[in-house]
Amino acid sequence: MSAGIRIHRGATINLKGQSEKILSDASPSKTFALKPDNFFGTLPRLMVKEGEKIAEGAPVFHVKKDPRIVFVSPVSGLVKEVRRGAKRKILKIIIEKDEGEKLSHKIPAFKSLDKKSVTDILLKTGAWPFIKQRPYGVMADPDVIPKSIYISTYASAPLDVDFEFLLKNHKEDFQKGIDVLNFLVDDPVSLSVDATFSGFFQNIKGVDLLTIKGPHPAGNVSVQIHKNNPLNMDEKVWEVRPEDVVNIGKLFSSGQFSAQRTVAVAGESVLQPQYVKTTIGAQISSITDISGFDNTQQNRFINGDVLTGKAEASDGHLDFYNNLFTIIPEGNHYRMFGWLPFMDNKIPSLSKTSLSWLMGNQGYSVDTNMNGEERAFVVTGEMEKVFPMDIYPMQLLKACMAGDIEKMEALGIYEVIPEDFGLIDYANTSKIEAQEIIREGIELMIKEVG
Amino acid sequence: MSFLRRKLDELKRPFAKGQKWEKYAPAINAFDTFLFVPNHTTHTGAHIRDAVDLKRTMVTVIIALMPALIYGIYNTGYQYYTQTGEAFTFLDAFIHGSWKIVPMIIVSYVVGLTIEFIFAVYRGHEVNEGYLVTGLLIPMIMPVDIPLWMVAISVAFAVLIAKEAFGGTGMNILNPALTARAFAFFAYPTYMSGNKVWVSEASTIDGVSGETILGTLAAGGNVNYSFFEMFQGSIPGSIAETSALFVVIGALILIATGVGSWRIMIGSVLGAAFVGFLFNLWGANALMSFSWVNHLVVGGFAFGVVFMATDPVSAAQTNKGKWVYGILVGVFCILIRVFNPAYPEGVMLAILLMNVFAPTIDHYVVQGNISKRKKRWANALKTT
């Protein structure tokens, strides 16, 4: 068992609209979608055509460079539409659900499994995309042996989920998923848990338990890897989200691809914030029908948390990985003299030029206003305050902007992914789009270094 | 509010994309965003943003400058009336000071902001708020009787050469306000030093004169001010730098709001105190035996350290680097004061010197982080 990790630099932003611990079933979703953009660094090649009928668990597209990595349909039905964007880029593959067949795979006896057979099963069944790889947060490469696999149940982002609640009915499948993943690594997988968690995770076997304490971004796997056993040049580490461990466990029990997704619907605009049981790629309306939202105002629908999530239309679909769906009011309004210090203290601020720290007991109301305009880098030292890794964030951002690969490498680009800069996006005075800069930096690294 | 908003939107229409005055949009936007925080919403990255922005940060600095500025205005009148021997009230002193100083502030803002607006329109970016602070700092660190046209030329030099030539706010190497003062200092030395420039009207009225304490010491004279007078600031000097007391109040505002770096401020004080103390021990001449405590309260040291050395753009940017940078500003300030009688005050040149070396300091701090990482990589390769 590893020692615990204690994070000091960072911030927990307490927002209104935290999900209550009630689990409901989603209302039926007519269509489901797969979005290649959910898989960073993946160029898709379609394996189906519009109008084709497919079974649940049948491949829809694969990674262009590696046809072994397939992405399968979460439901059976008709490929209704392949929505494309600029330069014919595939945005969404929309599947209209019917009560068709379900693909079943033969799983050998658990005792006869080894790394190769587990890899083959995960690839063949379409469960491989549940595994992401560092550096960069891309699809895992089936040919590498990772240094370790991380599963983080410590969720620290604003309004984030409680994994102990979310997984409570799936203990056996979670354990099975862990046992399966342990075939892929030499050392046991790392399971990060909240230091205050009781029972559940302590009884999981075959893991290296890592207790975490501290504010966001302590729940980010990058931070945990960095503090526990930092990533070195040419090393790979894998990451699996807790519910996907359950999905992998179910696959190995039943032989069928499992696309279960429990989503916490949260945010100030949500009328009854709660957990909803649904399927990967389901329609947003199928979960908002249950939770409701304030439709008297304009809202921002976010797949994920308010710092790192992706905006989605209200008639859109869930993303592949997220357990959190946030709805907050849009902020397209003016604030007179709002730039004066100590004005509008209801807006949460990490800066001491606001008295907002006095106002947060009941949780903050937030909207999507920029609260200013983008400026050049001026203020120094503020990014370090919310960035707990031993990396100079501003210098790394500047290296990314300059496209200086050698410098990016030396300053630690391998150890971060864009989401680690979510709090910097939020907190920096000059409104620099840090996540965007890091994303472009990583894309450049992938292109030039591989 | 909604009436004002409607009027503004109407006014802004010809500046919109594709309209005839599109090019000049940054100019009207600067006025608009001064009244209202705009309705822009997030589109990439985090969906929510902190309430702080650059305007708020800069305005906090201006608020922190106010105590020193108000005292400086009063002290200008105080120095004048005590020299002429006229009876005066606080208000008289304040009015005399305002009559001298307000025009300097106006000239500084008009000239500086005009250049900033021209560059914003030319480069097609929004007007940055940095000049709001610079424009106030420049008159505050000038001698009171400097002609307005010299203020204008110094401002133009600072904004054009020290700032815009490097790419504008955030890109400059040297602190623009100090560059303006250094320019005036070397271009018009007779207006920037001696015993006829520090007190209002000293150059025109015969009986009126006054030398700064450091100037007196450098010339080998005796200082007749008590520590309290030096600390409180009722001494001749540049307009707003004389009162360590009111500068400290400003420093507390900057530190409490997190806008100014306490590392740089404390580092500078430690550096200056240490070197001052060493010279006290040596004590070869009057300047060397000038108490290290007095060094901290006379001249522009306090003002420079609190408001100029902490300029985040021209200072060191890493936390470790800020300590090194701050300490060296203090050390060099006292070294220049003691060893170079041609420059009685050393803080301006000390800060400008350290501005030049700040990137080097940061380079070594960041390099330390890089070497640590590379060593870790090498160790990992060895064990596998």
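Using only alpha carbon pairs under 8 Å that are at least six residues apart, calculate the relative contact order of chain B and give it in whole percent.
RCO, chain B: 15 percent.
Averaged over peptide B:27-37, the number of partner chain Cβ atoms lying within 10 Å of each residue's Cβ comes to 3.
Among A:Lys64, A:Lys132, A:Lys106, A:Lys310, which comes first, then next, by fewest other beta-carbon atoms within 10 Å?
A:Lys106, A:Lys64, A:Lys310, A:Lys132
Taking a cut-off of 14 Å, what percent of all Cα-Cα pairs in segment B:248-323 are separated by more than that?
In whole percent, the share of Cα-Cα pairs in segment B:248-323 beyond 14 Å is 62.
Per residue, the convex hull spanned by the Cα atoms of the protein assembly as shown measures out at 182 cubic angstrom.
Note that segment B:167-174 has calculated 3J(HN,Hα) couplings of x, x, 3, x, 10, 6, 8, 9 Hz, one per residue in order, obtained from phi through the Karplus relation 6.51 cos²θ - 1.76 cosθ + 1.60 (θ = phi - 60°); glycine and proline are x.
May I ask for the percentage of alpha-carbon pairs in segment B:17-132 that lie more than 16 Å from each other? Above the 16 Å cut-off, segment B:17-132 has 73 percent of its Cα pairs. What percent antiparallel are the DSSP beta bridges of the protein assembly as shown, to the nearest 5? Expressed as a percentage, antiparallel bridges in the protein assembly as shown total about 65.
Neighbouring Cβ atoms from other chains, within 10 Å of the Cβ of residues in A:346-353, number 6 on average. Backbone geometry of segment A:73-85 corresponds, through the Karplus equation with coefficients 6.51, -1.76 and 1.60 at θ = phi - 60°, to 3J(HN,Hα) couplings of 6, x, 9, 8, x, 10, 6, 7, 7, 10, 7, 10, x Hz, x marking Gly and Pro.
When only Cα pairs under 8 Å and 6 or more residues apart are kept, what is the percent relative contact order across segment A:67-109? In percent, rounded to a whole number, it is 36.
Listed by chain and number, the lysines whose C-alpha is less than 17 Å from the C-alpha of B:Lys196, apart from same-chain residues fewer than 8 away, are B:Lys100. Extension gain, A:Lys213 to A:Lys168, is 14.1 nm, computed as 0.36 nm per intervening residue step minus the present C-alpha separation.
At a threshold of 8 angstrom on Cα-Cα distance, excluding pairs fewer than six apart, so keeping six or more, what relative contact order does segment B:1-125 reach in percent? In percent, rounded to a whole number, it is 26.
Couplings 3J(HN,Hα) for segment B:273-288, derived from phi with the Karplus relation 6.51 cos²θ - 1.76 cosθ + 1.60 (θ = phi - 60°), are 5, 5, 5, x, 5, 4, 5, 4, 5, 5, x, 6, 8, 4, 5, 5 Hz, where x marks Gly and Pro. In terms of its alpha-carbon gyration tensor, segment A:59-178 comes out rounded; the largest-to-smallest axis ratio a/c stays below the 1.5 threshold. For segment A:258-276 versus segment A:381-410, the inter-centroid distance based on Cα atoms is 34 Å. Taken along its principal axes, the alpha carbon cloud of segment A:76-115 reaches lengths of 49, 29, 7 Å, longest axis first. Semi-axes of the equivalent ellipsoid of chain A are 34, 26, 23 Å, computed as sqrt(5λ) over the eigenvalues of the C-alpha gyration tensor in descending order.
Ranked by how many other Cβ atoms sit within 10 Å of their own Cβ, fewest first, the residues B:His363, B:His96, A:His8 fall in the order A:His8, B:His363, B:His96. Kirkwood analysis of segment B:156-268, using all unique Cα-Cα pairs, places the hydrodynamic radius at 16.7 Å.
For segment B:231-384, how big is Rg over Rh, using alpha carbon atoms and the Kirkwood form of Rh?
With Rh from the inverse mean 1/r over Cα pairs, Rg/Rh is 1.11.
Modelled spin-label separation between A:Leu113 and B:Thr383, with each label point placed 7 Å from Cα along the Cα-to-Cβ direction: 2.8 nm.
Which residues among segment B:16-55 fall inside the zone where the amide N is under 13 Å from a point 7 Å beyond the Cα of B:Val121, along Cα→Cβ? Taking a point 7 Å out along Cα→Cβ of B:Val121, the residues of segment B:16-55 whose backbone N falls under 13 Å are B:21-30. Oblate is the label for segment A:31-97. Its Cα gyration tensor axes, ordered a ≥ b ≥ c, give a/c of at least 1.5 and b/c at or above a/b. This ranking places B:Thr190, B:Thr257, B:Thr57, A:Thr12 by how few other beta-carbon atoms lie within 10 Å of each, fewest first, which gives B:Thr190, A:Thr12, B:Thr257, B:Thr57.
Say R0 is 30 Å: what FRET efficiency, to the nearest 0.05, do A:Leu91 and A:Phe183 get from their beta-carbon distance? Present the calculation step by step, with values, prior to reporting the outcome.
Values: r = 35 Å, r/R0 = 1.18.
Plugging the Cβ-Cβ distance into 1/(1 + (r/R0)^6) gives 0.25.
Of the cross-linked pairs A:Lys132/A:Lys431; A:Lys132/A:Lys168; A:Lys49/A:Lys102, which ones have a Cα-Cα span greater than 21 Å in the structure shown?
Numbers: A:Lys132/A:Lys431 29 Å; A:Lys132/A:Lys168 24 Å; A:Lys49/A:Lys102 19 Å.
Cα-Cα > 21 Å for A:Lys132/A:Lys431; A:Lys132/A:Lys168; rest within.
Please state, to two decimals, what the Cα-based radius of gyration of segment A:382-448 comes to when divided by 2.2 N^0.38 Å (N = residues).
In units of the 2.2 N^0.38 Å rule of thumb, it is 0.99.
One Cα centroid belongs to segment B:1-44, the other to segment A:183-242; the line between them spans 49 Å. In chain B the longest region clear of trypsin sites (Lys or Arg not before Pro) that are loop-assigned by DSSP and have at most 16 other C-beta atoms within 10 Å covers B:21-384. Cα gyration tensor of chain B, axes a ≥ b ≥ c as square roots of the eigenvalues: rounded (a/c below 1.5), prolate (a/b > b/c) or oblate? Since a/c reaches 1.5 but b/c is at least a/b, the shape of chain B is classed as oblate. Calculated mean residue ellipticity at 222 nm for chain A: -6000 deg cm²/dmol, from DSSP H runs with n ≥ 4 weighted as -39500 (n - 2.57), summed, divided by the residue count and rounded to 500.
Among the listed pairs A:Lys64/A:Lys92; A:Lys65/A:Lys447; A:Lys124/A:Lys171, a Cα-Cα separation exceeding 19 Å is found for A:Lys124/A:Lys171.
Bear in mind these aren't lab numbers, they're just calculated from the coordinates by the rules spelled out. Keep in mind that this is a model prediction, so the values were computed, not measured. Positions of Cβ are backbone-derived with ideal geometry, glycine not excepted, and every protein chain shown enters the neighbour counts.
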